[in-house]
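Asker: Structure incoming, see below.
The values are calculated or read from the model by the stated rules, or taken from the named source; none is laboratory data. Everything numeric here is computed off the predicted structure, so don't read it as measured data. Glycine also receives a Cβ, built like all others from the backbone with ideal geometry; neighbour counts cover every protein chain displayed. Remember, those area values only see protein heavy atoms, side chains included, never the ligands or the DNA or RNA. Shrake-Rupley method; radii C 1.70, N 1.55, O 1.52, S 1.80 Å.
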Amino acid sequence: MFEQNPLPNFDQAVLPHLDAAYNLARWLMRNEQDAQDVAQEAYLRAFRFFPGFRGGNARAWLLKIVRNTCYTWLQTNRPMQDATEFDEKLFPSDSRSVNPEEAVIRKDNDTQLRRALQKLPPSFREVIVLRELEGLSYREIADITGMPAGTVMSSLSRARGRLRQVLTALSSGHAVATSPRIAAMNA
């Protein structure tokens, strides 16, 4: 008889991805406390449904649960808003540079990038975070979001283009056009 590899337990499969889960929740929720609550709720859901997990990519499985939990929470608690205002004071830039000039430049770049990401629609922000910050493959993003892989690639391309436009506008001091819902939220 062949011995099957036993499936990993919850601690082995899911717990190593806590940082990625929180990171995705933080970018989608744009509020630290809400992100902590949603990440905790997502982990509880993952624990409850872990017996149904059949192996494979536990990180993608967990991030899909986090994503769905975020959108469910937002729909219930903020039905007409994409998310709350992102507070840069809660997420200071990580500057490990010894040179003060480099630290100032890095902080400015981090601030610019955070501002630009805030201005993106949630669907663009989501694919950018999953691909560029979490390093997921197109297939993993497709599994998490439920989009076909081709749609993920085109969404990512459009998101990168929009991010580039926003960064250019921010660096030149021009106003950045946002969707009416996001503009109403920031008013």
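Asker: Please give the net charge around PHE47, taking every other residue with its beta carbon less than 13 angstrom from that of PHE47, where Lys and Arg add +1 and Asp and Glu add -1. Could the numbers behind the result be given before it?
Answerer: Details: positive: ARG45, ARG48; negative: ASP11, GLU41.
Around PHE47, the charge tally is 0.
Asker: Can you pull the Rg over Rh of segment 1-75, Cα-only, Kirkwood? Please list the in-between numbers first.
Answerer: Working: Rg = 13.5 Å, Rh = 12.8 Å.
That ratio is 1.06, to two decimals.
Asker: Can I ask one more? Quick check: with the 1.4 Å probe, what order do MET29, MET153, MET147 take by accessible area, largest first?
Answerer: MET153, MET147, MET29
Asker: According to a simple spin-label model (label point 7 Å from Cα along Cα-to-Cβ), what is the distance in nm between SER137 and TYR71?
Answerer: Modelled inter-label distance: 2.3 nm.
Asker: So what is the relative contact order of segment 113-161, in percent, for Cα pairs below 8 Å that sit 6 or more residues apart? Walk me through the intermediate numbers first.
Answerer: Numbers: 31 pairs, mean separation 18.6, N = 49.
Contact order relative to length: 38 percent.
Asker: Pop out the ³J(HN,Hα) list for segment 54-67 in order, Karplus 6.51 cos²θ - 1.76 cosθ + 1.60 with θ = phi - 60°, rounded to Hz; leave Gly and Pro as x.
Answerer: Taking θ as phi minus 60°, the curve returns 9, x, x, 8, 5, 5, 5, 4, 5, 5, 5, 5, 4, 4 Hz for segment 54-67.
Asker: In addition: Spin-label point model (7 Å from Cα, Cβ direction): what's the LEU44 to GLU32 distance in nm?
Answerer: 2.3
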